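*Asks:* One structure is given below, represented as structure tokens, and several questions about it will come after.
The values are calculated or read from the model by the stated rules, or taken from the named source; none is laboratory data. Only a predicted model underlies this, so the values are computations on that prediction, with no experimental measurement involved. Here Cβ is always computed from backbone atoms with ideal geometry, including for glycine, and neighbour counts include all displayed protein chains. Quick note on the areas: whole protein, heavy atoms, side chains included, nothing else; ligands and nucleic acids left out. Shrake-Rupley method; radii C 1.70, N 1.55, O 1.52, S 1.80 Å.
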Amino acid sequence: MSSEHRAGSGWFPSIKTAIFVVFVSIISVFLCRHFWSAPDDFHTPNAPRDVVLLHQLGHGLQCPSLSPFALKVETYLRMNNISYKSLYDRKMGPKGKSPWIEYNGEVIPDSSFIIAFLNRQFNIDMNAFLTPHDRGVATALQRLAEDSLYFQLGLWRAVYDKEKETFRGIGLNSFYIWMLERKAKDDAWHHGIGRHSEEEVAVITEKDLWALSEILGDKHFFFGSTPTEVDCTLFGHLSQFVWQARRSPGEKLINEKFPNLKSYCERMKEKFWPDWNELLFHAQQDKSASS
């Protein structure tokens with residue numbers, strides 16, 4: 001009797017566990033397909049002519065967007081006085097990524113290809129005064145931000161920050177946050193940075209921010225008194241650490257060791273984002289409630 005009971009009690013939880021795992025897997029696949037897969041049709045009905053439609057994720061608590069790449073593109077649009085409309089629809093583009101744009105029937109994914117496309121459409125060259133050496137440095141700076149800082153930011157928000165402030169503050173539920181944490185861990189693991197400890201990632205963050213601080217120096221922008229394309233990229237990422245990664249090593253380092261990076265973000269914000277506070281999550285919620 002007792003041996004049968006032990007066998008049964010050992011078998012029963014394993015069945016429950018298996019059912020639970022299958023259930024979670026099905027839900028996970030559904031959510032991934034719903035939130036991270038691309039739709040079949042990328043064209044907005046009755047889209048206005050000669051207006052860039054910028055599809056992106058939602059507003060952030062302290063930045064107008066949760067995404068450094070969306071801030072990159074939107075800052076570029078503002079710098080060049082291009083008519084645009086932001087659509088916070090959380091739809092993924094043809095490559096399963098956000099942001100992406102529509103312009104006069106054309107659909108362009110990926111922030112760098114978006115800017116290249118718009119440069120051709122509007123005959124823009126923000127890097128015209130840069131030397132070949134400067135252009136090489138700018139490319140290296142872009143890679144540092146997008147292929148290193150970005151993953152550090154993602155790990156802080158989704159994994160290291162136990163309060164998950166960035167996500168809970170905009171109303172995401174615990175299950176969706178768990179999904180984001182799993183995705184961040186998986187992305188970071190395949191990138192390589194996720195194989196390091198949290199302390200080791202903080203060391204990488206300090207080295208990256210030190211490099212940016214040294215290159216910026218006391219200049220207004222990264223290549224002098226006039227902003228270039230790479231300023232869009234660097235502002236998009238650095239602003240997330242300055243205002244939307246509270247208690248993170250990045251925020252602490254910028255405040256305590258690299259204050260010129262914070263001053264740089266404040267200059268960019270003041271020059272190109274006079275409506276910054278109006279575009280934050282709670283301001284938009286209040287606006288929707290009163291309309």
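*Asks:* Is it fair to say GLU163 is part of a helix (DSSP H, G or I), charged (D, E, K, R) and either farther than 30 Å from ASP125 by Cβ or at pLDDT below 95 (or both)?
*Replies:* no
*Asks:* Within the stretch 169-186, does at least one residue satisfy the condition of being surrounded by 15 or more Cβ atoms within 10 Å (Cβ to Cβ), under 21 Å from LEU130 (Cα atoms) and of a type in the set (Val, Ile, Thr)?
*Replies:* The answer is no; no qualifying residue exists.
*Asks:* Of these, ALA245, ALA202, which one is assigned to a loop (DSSP other than H, G, I, E, B) and open to solvent by less than 50 Å² (accessible area, probe 1.4 Å)?
*Replies:* Within the list ALA245, ALA202, the selection yields ALA245.
*Asks:* Take ILE115 and tell me if it is buried (at least 19 other Cβ atoms within 10 Å of the Cβ) and either of a type outside the set (Phe, Trp, Tyr) or farther than 17 Å from PRO68 by Cα (or both).
*Replies:* yes
*Asks:* Something else now. May I ask you to list the residues in the stretch 139-149 that are touching a helix residue (DSSP H, G or I) at 6+ places or on another chain (Cβ under 7 Å) and closer than 15 Å to LYS72 by Cα?
*Replies:* The answer is LEU141, GLN142, LEU144, ALA145, GLU146, LEU149.
*Asks:* Same structure again: With LEU155, LEU149, LEU180, LEU118 as the choices, which residue is in contact with a His (Cβ under 7 Å, 6 or more places away or on another chain) and either assigned to a helix (DSSP H, G or I) or modelled with pLDDT under 95 (or both)?
*Replies:* Selected residue: LEU149, the only one of LEU155, LEU149, LEU180, LEU118 that is in contact with a His (Cβ under 7 Å, 6 or more places away or on another chain) and either assigned to a helix (DSSP H, G or I) or modelled with pLDDT under 95 (or both).
Yes/no per residue for (1) at pLDDT 95 or above; (2) open to solvent by 90 Å² or more (accessible area, probe 1.4 Å):
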| site | (1), (2) |
| --- | --- |
| TRP210 | yes, yes |
| ILE215 | yes, no |
| PHE221 | yes, no |
| PHE235 | yes, no |
| GLY250 | yes, no |
| ASN255 | yes, no |
| PRO259 | yes, no |
| GLU278 | yes, yes |
| ALA283 | no, no |
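*Asks:* Which members of the stretch 75-108 meet the condition of being part of a strand (DSSP E or B) and surrounded by fewer than 20 Cβ atoms within 10 Å (Cβ to Cβ)?
*Replies:* TYR84, LYS85, SER86, LEU87, GLU106, VAL107
*Asks:* Related question: Under the condition of being out of contact with any helix residue (DSSP H, G or I) (no Cβ under 6 Å at 6 or more places or on another chain) and part of a helix (DSSP H, G or I), which residue from the stretch 213-242 is nearest to LEU130 (Cα to Cα)?
*Replies:* It comes out as GLU229.
*Asks:* Are there any pairs with C-beta distances below 9 angstrom linking a residue in the stretch 124-138 that is closer than 20 Å to LEU77 by Cα to a residue that is basic (Lys, Arg) and open to solvent by 30 Å² or more (accessible area, probe 1.4 Å), with the two at least 6 apart or on different chains, and if so which?
*Replies:* Here the result reads ASN127/ARG135, each pair linking the stretch 124-138 to a residue that is basic (Lys, Arg) and open to solvent by 30 Å² or more (accessible area, probe 1.4 Å).
*Asks:* Taking the stretch 148-168 as the search range and keeping residues that are within 18 Å of the chain's Cα centre (by Cα) and without any contact (Cβ under 8 Å) to a residue 24 or more places away in the chain, which one is surrounded by the fewest Cβ atoms within 10 Å (Cβ to Cβ)?
*Replies:* Checking each candidate, the answer is ARG168.
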